[in-house]
1. If I filter the stretch 1-16 for residues that are over 15 Å from the mean Cα position of the chain (by Cα) and either in contact (Cβ under 8 Å) with a residue 40 or more places away in the chain or surrounded by 12 or more Cβ atoms within 10 Å (Cβ to Cβ) (or both), do I get at least one hit?
2. Does ARG38 count as among the basic types (Lys, Arg), out of contact with any Gly (no Cβ under 6 Å at 6 or more places or on another chain) and surrounded by fewer than 16 Cβ atoms within 10 Å (Cβ to Cβ)?
3. Can you tell which of ASP90, ASP55 is within 15 Å of ASP13 (Cα to Cα) and either modelled with pLDDT of 95 or more or touching a helix residue (DSSP H, G or I) at 6+ places or on another chain (Cβ under 8 Å) (or both)?
Amino acid sequence: MIWIDADACPVKDEAERVATRLGVALAFVSNGGLRPSRNPLVTMVYVPEGPDVADKYIAERAGRGDVVVTNDIPLAAKCVEAGARVLRPDGEALTPANIGNVLATRDLMADLRSADPFRQGGGRAFSKADRSRFLDALDRTTRAAEREKNG
């Protein structure tokens, strides 16, 4: 199963293409506002509005043999701990080896932002190269997760 933290995910179409090509079930989890897919492999899961409701839904269900796509670092940490494989939308894998550093960096950046209320800016724009890296990473990661689940 591929789980997509879908509310702000820029690679929903790419994830559906990979899932279809590999014949793997895909769940888009969101607070709503997404068009239903006609693809029989795709499930649309609409959770109530509220802080982290979609994240909690995914974290309670993802585990070994699953792939989770999210930019939410605390959700990623929970899913890695549960044995799922986790990717960010730019294709970066979050693993037991790097999730601690990623969490620490996230917390440090949050502290810096709160200490300087005039600090401006966000992340860089999402690029075609990011999309391409994601497609390749999702394909490889999903194949590995399927082997793990079936092996």
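The values are calculated or read from the model by the stated rules, or taken from the named source; none is laboratory data. Every value quoted in this text rests on a predicted model; they were computed, and no experiment measured them. Note: ideal-geometry Cβ built from the backbone for every residue, glycine included; neighbour counts use all protein chains shown.
1. So far as the stretch 1-16 goes, no, none of its residues is over 15 Å from the mean Cα position of the chain (by Cα) and either in contact (Cβ under 8 Å) with a residue 40 or more places away in the chain or surrounded by 12 or more Cβ atoms within 10 Å (Cβ to Cβ) (or both).
2. Yes.
3. Residue meeting the stated conditions: ASP90.
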